[in-house]
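S.K.: The structure follows.
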Amino acid sequence: MRLSPRITALKDQVDEALIQCFESVSSPLAGPMKYPVEAGGKRIRPLLLLLVCRALGGNVKEAMIPALALELLHTFTLVHDDIMDRDELRRGRPTVHARWDEPTAILAGDGLVTLAYQVFLETRHREIVTLMRLFTRALMDVCEGQAMDMEFENRETVSMDEYRMMIARKTGRLLETACEMGAVVADAEPAMREACRSLGSDLGLAFQVQDDMLDVTADSNVSGKP
């Protein structure tokens with residue numbers, strides 16, 4: 001995925017700030033927690049949040065903390081998702097449970113979501129309660145979406161409505177939340193917040209459908225998955 005120089009510079013800021021989030025983590029979990037973050041990634045969720053905020057005239061610096069928290073939350077979901085799916089590779093290298101073990105990976109995921117909240121609480125934006133409410137709802141919906149995904153694996157058929165509901169929660173909610181939080185930080189009007197939320201929801205639907213098709217058709221050397 002090619003990015004413009006401005007977006008690349010913004011992504012570099014996110015990457016650097018993410019690593020700084022781990023300065024307070026000194027336990028044996030520091031390595032397993034930092035490992036999936038250091039693997040890189042597109043940083044779609046934090047970039048969406050920051051770019052929506054910028055587009056609406058908001059302060060990107062104020063949006064950085066929520067953006068970092070959202071990416072840490074996303075990383076937590078990946079660590080636990082890999083355990084449940086028994087995936088051995090992510091982004092071309094061993095997953096956390098493959099590199100260490102399942103108990104360590106579970107704790108690393110728990111540590112990541114806890115760190116996400118610690119980071120989030122550093123924000124001083126006056127809409128902190130609204131932002132935290134969106135963030136917490138996203139966490140619950142992602143967990144529910146993953147539970148639905150696992151339940152579907154034991155069924156022969158899944159309706160289109162059920163599939164759409166599952167991906168709306170598992171993938172769509174974080175992208176939706178990223179866009180809406182960017183609008184909140186920018187102090188956008190309710191109608192604009194709703195428009196941003198709808199944009200994120202549609203992006204999440206498209207993203208997950210593509211990802212599911214790649215699981216079936218893509219070469220592991222291209223996708224980074226087994």
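Here, each number is a calculation from the coordinates, and none is a lab measurement. What you are looking at is a predicted structure, and each value in this text was computed from that prediction instead of being measured. All Cβ positions, even for glycine, are placed from backbone atoms using ideal geometry, and neighbour counts span all protein chains on display.
S.K.: Would you mind ranking Cys196, Cys143 so that the residue whose beta carbon has the fewest other beta carbons within 10 Å leads the list?
M.R.: By the 10 Å Cβ count, ascending: Cys143, Cys196.
S.K.: Separate question: So what is the calculated 222 nm ellipticity per residue for the chain, using -39500 (n - 2.57) for each DSSP H run with n of 4 or more, over all residues, to the nearest 500 deg cm²/dmol? Mind dumping the intermediate values first?
M.R.: On the way: 11 runs with 164 residues, N = 226.
Taking each H run of at least 4 residues, the total per residue is -23500 deg cm²/dmol.
S.K.: Three principal axis extents, largest first, for the C-alpha atoms of region 13-94, in Å?
M.R.: Ordered largest first, region 13-94 gives principal extents of 43, 28, 18 Å.
S.K.: I would also like to ask the following. Report the Cys residues of the chain lacking a disulfide-compatible partner, meaning no second Cys Cβ under 4.7 Å from their Cβ.
M.R.: By the Cβ distance rule, which asks for a partner under 4.7 Å, the isolated cysteines are Cys21, Cys53, Cys143.
S.K.: What is the diffusion coefficient of region 5-223 in µm²/s, taking the Kirkwood radius over Cα pairs and the Stokes-Einstein relation at 25 °C with a viscosity of 0.890 mPa s?
M.R.: D = 138 µm²/s.
S.K.: So, one more: Efficiency by 1/(1 + (r/R0)^6): what FRET value for Asp211 and Ser159, r their Cβ-Cβ distance, R0 = 25 Å, to the nearest 0.05?
M.R.: On the way: r = 20 Å, r/R0 = 0.79.
The formula returns an efficiency of 0.80 here.
S.K.: If you don't mind, there's one more thing I want to ask. Based on other C-beta atoms within 10 Å, arrange Met64, Met140 from fewest to most.
M.R.: Met140, Met64
S.K.: Taking the Cα centre of each part, how many Å lie between region 36-113 and region 136-156?
M.R.: The distance from the Cα centre of region 36-113 to that of region 136-156 comes to 18 Å.
S.K.: Here's a follow-up. Please rank Leu203, Leu131, fewest neighbouring Cβ atoms within 10 Å first, as an exposure proxy.
M.R.: Exposure proxy ranking, most exposed first: Leu203, Leu131.
S.K.: Further, regarding this structure: Sequence gap at least 6, Cα distance under 8 Å: using those rules, report the relative contact order of the chain to the nearest whole percent.
M.R.: Details: 278 pairs, mean separation 54.1, N = 226.
This gives 24 percent for the chain.
S.K.: Here's something else I'd like to know. Can you list residues whose amide H is under 5 Å from Leu89's amide H, if they're 5+ apart or on another chain and H is modeled 1.01 Å from N?
M.R.: Here the answer is Thr95, since their amide H atoms fall under 5 Å of that of Leu89.
S.K.: What full-extension length gain, to one decimal in nm, is calculated for Arg86 and Asp12 as 0.36 nm per residue of separation minus the Cα-Cα distance?
M.R.: Extra length available between Arg86 and Asp12 comes to 23.6 nm.
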